[in-house]
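Novice: Pasting a structure here, questions to come.
Each value in this text was obtained by applying a stated rule to the coordinates, not by laboratory testing. All of these numbers come straight from a predicted model, not from anything done at the bench. We place every Cβ from the backbone using ideal geometry, glycine too, and count neighbours over all the protein chains shown.
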Amino acid sequence: MYFKHESSYVDENCQIGEGTKIWHFSHIMSGCTIGQDCNIGQNVVISPDVVLGNNVKIQNNVSVYTGVICEDDVFLGPSMVFTNVINPRSHVSRKDEYRKTLLKRGCSVGANATIVCGHEIGEYALIGAGAVITKDVPPFALVVGNPARQIGWVSKNGHRLNFENGEAVCPETGEKYKIVNCKLQILNFK
């Protein structure tokens, strides 16, 4: 069983997991798959055939367009933006040109950020508020700006990592990290 505020709409042929909450003035369109324990904020639109994993949190004023897939534990900040066509024109129908955008497990997108379609956001990456994503983002990367650029690395819990002697420690969990071949590796799992 899921909760839907009386002001929201859920179209037919949607799959919505137990414990999910859909708040005021939101619209879940036909063919969506939404996992368990998700939180869909106020004034959110989930377009046809979007897939959301478990425990996805979508803040107010977000439109998740066809072609977007969010794995488990993804966070979408207030008023962040997706696109799904690379060269939109009002007078040209491009519904057959929607590009896939994949947000991997545990990543977070800050308020007012924009994700240009056709890119992958890696596991546990952190997209800063207002950033504009124009290319793939590596797992655990911290990216900011327009266009977004990587300025560091974050732990699974979202803490910026400071490296000493080639290693970093998450101050919250104690997990240790190391950069190997330009990729972040966890040395010990907590």
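Novice: When the Cα centres of the stretch 127-190 and the stretch 36-57 are compared, how far apart do they sit, in Å?
Specialist: Cα centroid to Cα centroid, the span is 25 Å.
Novice: Let me ask you something else. If you average 1/r over all unlike Cα pairs in the stretch 7-113 and invert the result, what Kirkwood radius do you get in angstrom? Mind dumping the intermediate values first?
Specialist: Working: mean 1/r = 0.0727 Å⁻¹.
Hydrodynamic radius (Kirkwood, Cα pairs) of the stretch 7-113 is 13.7 Å.
Novice: Sorted by average packing, counted as other Cβ atoms within 10 angstrom per residue and highest first, what order do 67-75, 90-98 take?
Specialist: Numbers: 67-75: 21.3, 90-98: 9.6.
Result, highest mean Cβ count within 10 Å first: 67-75, 90-98.
Novice: What is the local net charge at LYS4, summed over the other residues whose Cβ is closer than 15 Å to its Cβ (Lys, Arg +1; Asp, Glu -1)? Provide the component values of the computation, followed by the final result.
Specialist: Details: positive: LYS21; negative: GLU6, ASP11, GLU12, GLU18, ASP37.
Result for the local shell: -4.
Novice: Can you list the lysines whose alpha carbon sits under 30 Å from that of LYS100, skipping same-chain ones fewer than 8 residues off?
Specialist: LYS4, LYS21, LYS57, LYS135, LYS156, LYS183
Novice: Which semi-axis lengths, in whole Å and largest first, follow from the square roots of five times the eigenvalues of the Cα gyration tensor of the chain? All intermediate terms of the calculation are to be shown ahead of the outcome.
Specialist: Values: eigenvalues 187, 81, 34 Å².
Those come to 31, 20, 13 Å.
Novice: Counting only C-alpha contacts under 8 Å and six or more residues apart, can you give the relative contact order of the chain as a whole percent? Mind dumping the intermediate values first?
Specialist: Working: 577 pairs, mean separation 18.9, N = 190.
Once divided by the residue count of the chain, the mean separation gives 10 percent.
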